[in-house]
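Here the structure is laid out as C-alpha cells; the discussion comes afterwards.
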Amino acid sequence: MTQPEAPASVIPPAVPPLAVRHSRALLIAVAVIAVVCAILTVVGGIMFAGGPAEEIYRFGLVADLIAMGVTLAILAIAETAQRQTTRRPDAPLNTRSSVFAIIAIVMSAIAVVLWWTSGAEQFGYLLTGVRGRYMYHTGGLFLAGIPWTLGIVFGAWGYRPRAHRVTNVLALVAVVAGLFLAVVTTIASVVYGLGFSD
C-alpha cells in the first residue's frame, strides 16, 4: 500500500522591494541656483573691497554654496545611475515618511533664525535704500553655514515625488527657505559690490 505524497511546501510569491525615487529635476535646479549664487557672490566681492570680516564671511558663503551645488549634482548623478540599474522600474514606490525631510526642516529653521538676528534688518535697509553693513547682513548666515547647507541638500534629497505628502511639504519648505537665504545674500553681495551700501 503506497503512502500518499506529502503536499509540496507552498512558497510565497516574492514581494518586489519598494522603490525610492528622488526628484532629479529638483536636485539639478537647486544645484544650478546654488552655483549661480556662488558666482554672483564672487563677482560682488571683486567689486566691493570690504574689511577682513567681510572677506571671511563672503568666502564662507561661497564655500557653502559650492558645496551645495557639488553635492546635489553628485546626488542627481547617483539617482540617474540608480534608475538605470534598477531591474524593476515599475516596482511600487516607497511612500513612507522621509527622515531627510524632517532633518532638513529643522536645519533650515536654525539657519533662518540665525540669519534673522541681523540679516533681516540689513535686508530691510537694502529695500529702503538705507546704507547698511555687509558683515551684519551675512554674519548670521555665515555662522549657520552647516545647517543652511544641510537644510537645502537634505530637503532636495528628501523630496520624493508621489511619496509621503507631509514630509514632501517639509522638504520643499526647507529648500525654499534655504534658497531664499541664498538669493537674499547674493543680492546683498551684488548691491554692496555696486557701491550702493557699505
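Values quoted throughout were computed directly from the atomic coordinates according to the rules given, and no laboratory measurement underlies them. A quick note: this is a predicted structure, and the numbers were derived from the prediction, not measured. Please note: Cβ atoms are built from the backbone with ideal geometry, for glycine as well, and neighbour counts cover all protein chains shown.
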Two-site FRET efficiency, VAL176 against GLN84, from Cβ-Cβ distance with R₀ of 41 Å, rounded to 0.05:
0.85
With the crude spin-label approximation of a point 7 Å out along Cα→Cβ, what separation in nm comes out for GLU55 versus VAL36?
3.0 nm
Which value, in debye to the nearest 20, describes the size of the charge dipole of the range 94-198 about its Cα centre when Lys and Arg Cβ atoms bear +1, Asp and Glu Cβ atoms bear -1, and nothing else is charged?
420 debye
Using 0.36 nm per residue, how much length does the chain from SER97 to ILE46 gain when fully extended, once their Cα-Cα distance is taken away?
14.0 nm
Does the range 38-84 come out rounded, prolate or oblate, given a ≥ b ≥ c as the square roots of the eigenvalues of its C-alpha gyration tensor, rounded meaning a/c under 1.5 and, failing that, prolate meaning a/b above b/c?
prolate
For the range 99-198, state which trypsin sites (Lys or Arg not before Pro) are in a DSSP loop and have at most 15 other beta carbons lying within 10 Å of their beta carbon.
ARG131, ARG162
Rounded to whole Å, √(5λ) for the Cα gyration tensor eigenvalues of the range 62-198, largest first, gives 35, 15, 11
7 Å from Cα along Cα→Cβ at both ILE77 and VAL106: what's the point-to-point distance in nm?
3.1 nm
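Compute and list, largest first, the equivalent-ellipsoid semi-axes of the range 118-198 from the alpha carbon gyration tensor, each √(5λ) rounded to a whole angstrom.
Over the Cα atoms of the range 118-198, the semi-axes work out to 31, 12, 9 Å.
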